[in-house]
Amino acid sequence: MSDTTDSIDPTGSTDPSLAAAENSAPPEQPVAAPEPAKPGAAVGSAEVNLEALLKVPVALSIEVGRRRMRLDDLLDTEEGTVIELDKLLNEPLDILVNGALIAHGVIVLAQDRFGIQITDILSPEERARTL
């Protein structure tokens, strides 16, 4: 055995040149976080196609009201039966996109068709809570 002690690197090697190289490495510098991608900006080598995203179909629905009923009460309904809903007569209706509440509005007549006039659009935070 020799008098000199060999340095052991983290891999278990007893080669003194490897241990010296490990000790002489410069300290790691903090890496800055990348900037978030902007709409239409290049992501890697592919471009984000905003036009294609804007053409995705969504389901828009207007909810007049709701009612929970027992099955036997539902089976007793017939033509002319009035089912009372949870909304009041002058209360704005819910506007949903893909089932998520996004706004409120009132019914209007647009020529010979029903329409809805938007009276209130939920904030992004409120919309996120309805998901």
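Of the candidates VAL48, VAL106, VAL31, the single residue that is at pLDDT below 90 and touching a Pro at 6+ places or on another chain (Cβ under 7 Å) is VAL48.
Do you know which residues across region 105-131 are under 24 Å from VAL56 (Cβ atoms) and assigned to a strand (DSSP E or B)? Of everything in region 105-131, those that are under 24 Å from VAL56 (Cβ atoms) and assigned to a strand (DSSP E or B) turn out to be GLY105, GLY115, ILE116, ILE118, ILE121.
The values are calculated or read from the model by the stated rules, or taken from the named source; none is laboratory data. Computed from a prediction, not measured in an experiment: that's the story for all the values here. Glycine also receives a Cβ, built like all others from the backbone with ideal geometry; neighbour counts cover every protein chain displayed.
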